[in-house]
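Here's the structure, in C-alpha coordinates; my notes come after.
The values are calculated or read from the model by the stated rules, or taken from the named source; none is laboratory data. Remember, it's a predicted structure, so these values are computed and weren't measured experimentally. Quick reminder, even Gly has a Cβ in these numbers, built from the backbone with ideal geometry, and neighbours come from all protein chains shown.
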Amino acid sequence: MLETTSLLLGIGSFGKPTTASPTGTFKITEKAPNPGGVFGTRWMRFYKDYGIHGTNNPASIGKSVSNGCIRMHNQDVNYVYSLVPIGTEVNIVSSQTTDRYYVVQAGDTLFSISQKLGVSYDALLRENSITDPNMIYVGQKLLIPR
(Lines give C-alpha, C1' and ligand atoms only; values in the text may rest on other atoms or scores of the structure.)
Protein backbone atom coordinates (compact mmCIF):
# COMPACT_ATOMS: atom_id res chain seq x y z
CA MET A 1 0.00 0.00 0.00
CA LEU A 2 1.36 3.43 -0.98
CA GLU A 3 1.46 5.93 1.87
CA THR A 4 1.42 9.65 1.17
CA THR A 5 3.79 11.38 3.56
CA SER A 6 4.47 14.67 1.81
CA LEU A 7 2.78 17.01 -0.64
CA LEU A 8 4.42 19.32 -3.14
CA LEU A 9 2.06 21.54 -5.10
CA GLY A 10 3.11 23.38 -8.19
CA ILE A 11 -0.30 24.56 -9.26
CA GLY A 12 -2.77 27.04 -7.99
CA SER A 13 -2.92 30.56 -6.80
CA PHE A 14 -0.96 32.04 -3.92
CA GLY A 15 -1.17 35.06 -1.67
CA LYS A 16 -0.94 38.56 -3.05
CA PRO A 17 2.16 40.57 -2.10
CA THR A 18 0.39 42.25 0.83
CA THR A 19 -0.88 38.91 2.19
CA ALA A 20 1.83 36.50 1.12
CA SER A 21 1.47 32.77 1.63
CA PRO A 22 3.56 31.48 4.52
CA THR A 23 6.62 29.55 3.39
CA GLY A 24 8.15 26.53 5.01
CA THR A 25 7.25 23.00 5.93
CA PHE A 26 3.85 22.45 7.53
CA LYS A 27 1.39 19.61 8.10
CA ILE A 28 -2.25 19.23 7.15
CA THR A 29 -4.06 19.67 10.47
CA GLU A 30 -7.70 19.76 9.38
CA LYS A 31 -9.79 18.75 6.38
CA ALA A 32 -13.29 19.97 5.51
CA PRO A 33 -15.45 18.78 2.62
CA ASN A 34 -17.71 21.32 0.92
CA PRO A 35 -16.86 24.47 2.92
CA GLY A 36 -18.52 26.51 0.14
CA GLY A 37 -18.11 30.09 -1.02
CA VAL A 38 -14.60 31.25 -1.87
CA PHE A 39 -13.23 27.94 -0.51
CA GLY A 40 -14.82 25.86 -3.26
CA THR A 41 -15.35 22.14 -2.72
CA ARG A 42 -12.55 21.20 -0.28
CA TRP A 43 -10.42 22.82 2.46
CA MET A 44 -7.21 21.56 4.07
CA ARG A 45 -5.68 23.67 6.86
CA PHE A 46 -1.87 23.67 6.96
CA TYR A 47 -0.97 26.66 9.19
CA LYS A 48 -3.08 28.89 11.48
CA ASP A 49 -5.98 30.03 9.25
CA TYR A 50 -4.16 29.22 6.00
CA GLY A 51 -5.37 26.39 3.84
CA ILE A 52 -5.25 24.67 0.52
CA HIS A 53 -8.69 24.91 -1.00
CA GLY A 54 -10.84 25.08 -4.11
CA THR A 55 -12.43 28.25 -5.43
CA ASN A 56 -15.66 29.71 -6.70
CA ASN A 57 -13.57 31.86 -9.08
CA PRO A 58 -11.53 29.57 -11.38
CA ALA A 59 -10.26 32.60 -13.36
CA SER A 60 -8.13 33.51 -10.31
CA ILE A 61 -6.02 30.35 -10.57
CA GLY A 62 -2.41 31.13 -11.47
CA LYS A 63 -2.61 34.66 -10.07
CA SER A 64 -1.38 36.03 -6.75
CA VAL A 65 -4.78 37.11 -5.44
CA SER A 66 -5.57 35.16 -2.28
CA ASN A 67 -5.14 36.24 1.33
CA GLY A 68 -2.32 33.73 1.69
CA CYS A 69 -4.14 30.48 1.07
CA ILE A 70 -3.26 28.14 -1.77
CA ARG A 71 -6.19 28.15 -4.18
CA MET A 72 -6.73 25.32 -6.69
CA HIS A 73 -9.29 24.29 -9.28
CA ASN A 74 -12.03 22.32 -7.51
CA GLN A 75 -11.36 19.15 -9.52
CA ASP A 76 -7.68 19.32 -8.57
CA VAL A 77 -8.26 20.00 -4.86
CA ASN A 78 -10.85 17.18 -4.77
CA TYR A 79 -8.20 14.80 -6.08
CA VAL A 80 -5.48 15.97 -3.68
CA TYR A 81 -7.96 15.91 -0.78
CA SER A 82 -8.75 12.26 -1.52
CA LEU A 83 -5.05 11.33 -1.35
CA VAL A 84 -3.71 13.16 1.69
CA PRO A 85 -4.53 12.29 5.28
CA ILE A 86 -4.26 14.69 8.20
CA GLY A 87 -0.58 14.90 9.12
CA THR A 88 0.64 15.02 5.52
CA GLU A 89 3.69 17.26 5.17
CA VAL A 90 3.22 20.34 2.99
CA ASN A 91 6.18 22.29 1.60
CA ILE A 92 5.37 25.87 0.55
CA VAL A 93 8.21 27.59 -1.31
CA SER A 94 8.65 31.24 -2.18
CA SER A 95 7.28 32.29 -5.54
CA GLN A 96 10.64 33.96 -6.14
CA THR A 97 12.10 30.51 -6.72
CA THR A 98 9.24 29.37 -8.95
CA ASP A 99 8.10 32.50 -10.77
CA ARG A 100 9.89 31.49 -13.99
CA TYR A 101 7.92 28.26 -14.21
CA TYR A 102 4.37 27.32 -15.07
CA VAL A 103 2.85 23.96 -14.21
CA VAL A 104 0.49 22.61 -16.89
CA GLN A 105 -3.10 22.27 -15.67
CA ALA A 106 -6.00 20.22 -17.03
CA GLY A 107 -7.33 21.81 -20.23
CA ASP A 108 -4.15 23.79 -20.96
CA THR A 109 -2.66 23.98 -24.43
CA LEU A 110 0.65 25.62 -25.25
CA PHE A 111 -1.25 28.34 -27.07
CA SER A 112 -3.56 29.02 -24.09
CA ILE A 113 -0.54 29.03 -21.75
CA SER A 114 1.31 31.53 -23.98
CA GLN A 115 -1.79 33.77 -24.00
CA LYS A 116 -2.31 33.46 -20.23
CA LEU A 117 1.33 34.34 -19.49
CA GLY A 118 1.69 36.96 -22.21
CA VAL A 119 4.66 35.23 -23.84
CA SER A 120 5.36 34.20 -27.40
CA TYR A 121 4.10 30.74 -28.35
CA ASP A 122 7.29 30.11 -30.35
CA ALA A 123 9.49 31.27 -27.45
CA LEU A 124 7.62 28.90 -25.11
CA LEU A 125 8.32 26.02 -27.50
CA ARG A 126 12.01 26.97 -27.85
CA GLU A 127 12.63 27.60 -24.15
CA ASN A 128 11.30 24.14 -23.29
CA SER A 129 12.74 22.25 -26.29
CA ILE A 130 9.25 21.10 -27.24
CA THR A 131 9.13 19.44 -30.66
CA ASP A 132 5.52 18.21 -30.48
CA PRO A 133 3.21 20.86 -28.97
CA ASN A 134 0.47 18.21 -28.56
CA MET A 135 2.59 16.25 -26.09
CA ILE A 136 2.30 18.31 -22.92
CA TYR A 137 0.83 16.78 -19.77
CA VAL A 138 -0.84 17.90 -16.55
CA GLY A 139 1.83 18.57 -13.93
CA GLN A 140 4.56 19.28 -16.49
CA LYS A 141 6.76 22.18 -15.40
CA LEU A 142 7.42 24.68 -18.21
CA LEU A 143 10.12 27.34 -18.11
CA ILE A 144 8.57 30.71 -18.91
CA PRO A 145 10.63 32.68 -21.47
CA ARG A 146 11.89 36.09 -20.33
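Some notes on this structure:
- Scan of segment 54-70 for residues that are under 13 Å from Ala20 (Cα atoms) and without any contact (Cβ under 8 Å) to a residue 60 or more places away in the chain, ordered by number: Lys63, Ser64, Val65, Ser66, Asn67, Gly68, Cys69
- If you go through segment 97-146 and pick out every residue that is assigned to a helix (DSSP H, G or I) and of a type in the set (Asp, Glu), you end up with 2.
- Within segment 100-146, being without any contact (Cβ under 8 Å) to a residue 12 or more places away in the chain and at positive phi holds for Gly107, Gly118, Ser129.
- The one condition in (1) outside the structural domain of Phe14 (by TED's automatic domain parsing); (2) closer than 28 Å to Lys31 by Cβ; (3) free of Cβ contacts under 8 Å to residues at least 40 places away in the same chain that Trp43 fails to fulfil: (1)
- Residues satisfying the stated conditions in segment 40-81, i.e. touching a Lys or Arg at 6+ places or on another chain (Cβ under 9 Å) and part of a helix (DSSP H, G or I): Ser60, Asn74, Val77, Asn78, Val80, Tyr81
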